[in-house]
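Rule-based calculations on the coordinates, nothing more; no lab input. Keep in mind that this is a model prediction, so the values were computed, not measured. Note: ideal-geometry Cβ built from the backbone for every residue, glycine included; neighbour counts use all protein chains shown.
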Amino acid sequence: MTVDSQAAINNPFLSGSHFPEFDKFHVEHIRPAMEFLLANSKNKVEQLVADESRPTWQNFIEPLEEIDNLFEKVWGPIGHLDATMNSDSWHEAYNDCLQQVTQYHTEMGQNAGLYKKFKALYESGEFNQYSIAQKKVIENALRNFELSGIGLPAEQQAEFKQLRANLSNNSSQFANNVLKSTQSWFKHIEDDKILSGIPESSMGLLQQLAEQRELDGWCVTLDFPSYLAVMTHADNRSLREEVYKAFSTRASNMALDISFDNSELIERIRADRHKISALLNFSNYAEYSLATKMAESTEQVLQFLKDLAAKSKPQAEQELDNLQKFAADNLDLHDLEPWDITYASEKLKNASLSLSQETLRPFFPVERVLDGLFSITKTLFDIQIKQTDSVAVWHKDVRFFELKDRHGGVIGHFYLDLYARENKRGGAWMDSAITRWKHPQGQLQTPVAYLVCNFTPPVGDKPACLTHDEVTTLFHEFGHGIHHLFTKMEQLDVSGISGVPWDAVELPSQFMENFCWEREGLDLISSHIETGESLTDDLFEALKKGRKFQSAMMMLRQIEFALIDFEMHTFYDPNTPEDILELANRIRNQVAVIKPPAYGRMLHSFSHIFAGGYAAGYYSYKWAEVLSADAFSLFEETGVLNADTGAKFRNTILAAGGSIDPMELFKQFRGREPQIDALLRHSGIAA
């Protein structure tokens, strides 16, 4: 890359502003910003390596932290906008730079000079005088050097570098194919009878989607709020089947538009991951993945998942049997198909519990939910949250909030992007925008988080109301957010979510979901859009029972995904790799009670494991759910909104970032090792 220093001076990505200047970013800024950043970073690293003085925290680690901090501030918003405001030109520029970024990080991971200095620091007498966090930074760095091929001969290092580049490019293409395939399909409907059963709020959304395409009537798309409305409520079975098929074949050779087929990418990604693990003398990629996680072995993970499956399957079979009987007797559905499950389940829940997502939706206006969420956070953690319009955002719907402590000191900030829209990646996620860090000159950089969801947007002049599922999703992502924002760490690599093992990072997020099921929490987040009343006692009791509704079937669904992911990476044979569809079917035959049709290609859009950070790690959701349920059980014992217990949770689990082993943090908080009982109890599954 060539560097135009003058262009860099005027580049908004390099402005030095604390917050990203989203109103000034344009696609033509991306390449010049990254050219400058990469060249500048390499130059500074070369200077550090060439320095012959004895490495110390001040003369070695702190300059590296400055490099990494600038990297997050420049490269982070570029990737964030690729996910939230995607366009072909932006993605092309992002992808071009991604190759260079991947190469840079691989080179840093194989930089013998850096490794030598880290090792010298680790072996120095000064190391024993460092704080726990400082020691962890150095220990993690040495581990990561080993996992980046520092010990490989030059020829194999080059191979490792190429494999990392391949993986980076293929994963990015996988995600983009899913987005493009999702957007390429829609169904235009002009006869409202076809949409019988779909509630008014969702009909308004489908009409809005049609208007965006300058069409009359309604449009069904594969964006999740639209898809879910049809699968949950549409009486028209053929419509449900058509939409189900389009959704479950996205980015595959079975889609209507096969130009975004991920089949070859899946095989390339699997092969390259295995090659990387083999180069580093791991038996498989799952072992390589576990080198940075809480779980100790592939056997432990597989046993954990299979034990959960064994506990859940008998109840799941009974739940499915109940659903089939109900569907046959009440809905004239005698052969229940996958596209009937959500629809029939909603009808059964409404019949047996007088409860449905649409019954609950009016009780959860967005503003009331946010006010309640912030009130819960204030009570538990003694902080204030206030919206501010002081910084630029990337879309008119995005909001920006400031967190302060009881003395008015700023703790951090977060962006909130709630609603689904075109050119935005599906799903929900939290990401770091800025990490808490103490600058070498002494000033403290406060953290900033991105919180992104894909909820049903407001229709016309009506305020948006959330389903209870969407409420729990919001609390989940907010839990990730406070994990990042409440850190007390001042060392970049273990601050916030940095350095936290992937199978522990879901603990705070899943922990926060619990408040959506408790009376104390629901009173704060619910207020009927028309009457203003909180959730009634009858609905509360139905909701509590509803938490356990088909819980074993849902448990098996997550275990199915986790086992497919983990076995795919544990038992990969490069000579005769098991076909991905055969592997999935084999596992479904063992654990699932609902089998997809032969054309199903859900794995082709499984971005978590092929384009996210969950490869050989999807089990983390269940692993961390054991921790989160058991952690919340202390609140059940002391009081759901007990401030003392909240302070203890904040000062152990949330404050330590990645500086201390999560099991040690859990034992500090709970006074013992985690137990599975609370998870099974919350799920209504017999131990």
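Where the only charges are on Cβ atoms (+1 Lys, Arg; -1 Asp, Glu), what is the dipole of region 186-260 about its Cα centre, to the nearest 20 debye? Could the numbers behind the result be given before it?
Details: 7 positive and 12 negative charges, 76 e Å.
In debye, rounded to 20, region 186-260 gives about 360.
For region 281-294, the Karplus equation 6.51 cos²θ - 1.76 cosθ + 1.60, evaluated at θ = phi - 60°, returns couplings of 6, 8, 5, 6, 5, 4, 4, 4, 4, 6, 4, 10, 10, 5 Hz by residue, with Gly and Pro reported as x. Site-free segments of the chain were taken between trypsin sites (Lys or Arg not before Pro) in DSSP loops having at most 13 other Cβ atoms within 10 Å, sites themselves excluded; the longest one is 407-671. Could you give the Stokes-Einstein D for region 186-260 in µm² per second, using the C-alpha Kirkwood radius, 37 °C, 0.692 mPa s? The Stokes-Einstein estimate is 262 µm²/s.
Would you work out the relative contact order for the chain, in percent, from Cα pairs under 8 angstrom that are 6 or more residues apart?
Numbers: 1083 pairs, mean separation 108.3, N = 687.
After rounding, I find 16 percent.
A simple spin-label model places pseudo-atoms 7 Å from Cα toward Cβ; at E155 and Q443 they are separated by 5.2 nm. So what does the Cα-only Debye profile of region 542-687 read at q = 0.20, 0.21 Å⁻¹, as log10 I(q)/I(0), no solvent term? Each listed q corresponds, in turn, to -1.23, -1.28.
Taken one residue at a time, the phi angles of region 439-447 give Karplus couplings (6.51, -1.76, 1.60, θ = phi - 60°) of 5, x, 7, x, 6, 9, 8, 7, x Hz. Gly and Pro are set to x.
Evaluating 6.51 cos²θ - 1.76 cosθ + 1.60 at θ = phi - 60° for every residue in region 58-69, the Karplus couplings come out as 5, 8, 10, 5, 4, x, 5, 4, 4, 4, 5, 5 Hz, glycine and proline recorded as x.
Close amide-amide hydrogen proximity is noted between Q445 and W437, K438, H439, each under 5 Å apart and 5 or more residues distant or on a separate chain (H modeled in the peptide plane; Pro and chain starts excluded).
Sparsely packed loop sites in region 154-199 (the GluC sites (Glu not before Pro) outside DSSP H, G, I, E and B with at most 15 other Cβ atoms within 10 Å) comprise E190. Between the amide H of F455 and those of Y419, A420, distances stay under 5 Å, these residues lying 5 or more places away or on another chain, with hydrogens modeled in the peptide plane. From the coordinates of this entry, semi-axes √(5λ) of the Cα gyration tensor in Å is computed, and it appears in (1) 40, 29, 27; (2) 64, 37, 20; (3) 41, 33, 27 under the label (1).
Computed over the chain, the per-residue total of -39500 (n - 2.57) for DSSP H runs of n ≥ 4 gives a 222 nm mean residue ellipticity of -17500 deg cm²/dmol, rounded to 500.
Between E211 and K24, the modelled labels are 3.5 nm apart [label points 7 Å from Cα along Cα→Cβ].
Counting pairs of alpha carbon atoms under 8 Å apart in space and at least six apart in sequence, what relative contact order in percent does region 5-179 give? Please list the in-between numbers first.
Values: 105 pairs, mean separation 38.3, N = 175.
So the answer I get is 22 percent.
Under 5 Å from the amide H of L333 lie the amide H atoms of A328, each residue being 5 or more positions distant or on a separate chain, with H modelled from the backbone and absent for Pro and chain starts.
Only loop residues by DSSP count here, and only those with at most 13 other Cβ atoms within 10 Å; note down the chymotrypsin sites (Phe, Trp or Tyr not before Pro) in region 582-623 that meet that. Working shown, then result.
Details: sites: Y599, F606, F610, Y614, Y618, Y619, Y621, W623; in loops: Y599, F606, Y614, Y618, Y619.
Answer in residue order: Y599.
R0 = 56 Å: FRET efficiency of E146 with K325, Cβ-based, nearest 0.05? Approximately 0.50, to the nearest 0.05. Relative contact order of region 293-371: 14 percent, from C-alpha pairs under 8 Å at least 6 residues apart in sequence. Per-residue Cβ neighbour counts within 10 Å put E358, E319 in the sequence E358, E319, beginning with the fewest.
What is the order of L370, L215, fewest Cβ neighbours within 10 Å to most? Display every interim value, and only then the final one.
On the way: L370 20, L215 15.
So the residues, fewest neighbours to most, are L215, L370.
Ranked by how many other Cβ atoms sit within 10 Å of their own Cβ, fewest first, the residues C465, C97 fall in the order C97, C465. Note on I9/I529: beta-carbon distance plugged into 1/(1 + (r/R0)^6) with R0 of 51 Å gives a FRET efficiency of 0.50.
Think of the chain as having a plus end and a minus end, set by charges on the Cβ of Lys, Arg, Asp and Glu; of L265, A686, P501, P501 sits farthest toward the positive end of this dipole. Think of the chain as a dipole: +1 on every Lys or Arg Cβ, -1 on every Asp or Glu Cβ, centred on the Cα centre; then among H608, A420, I189, H608 lies furthest on the positive end.
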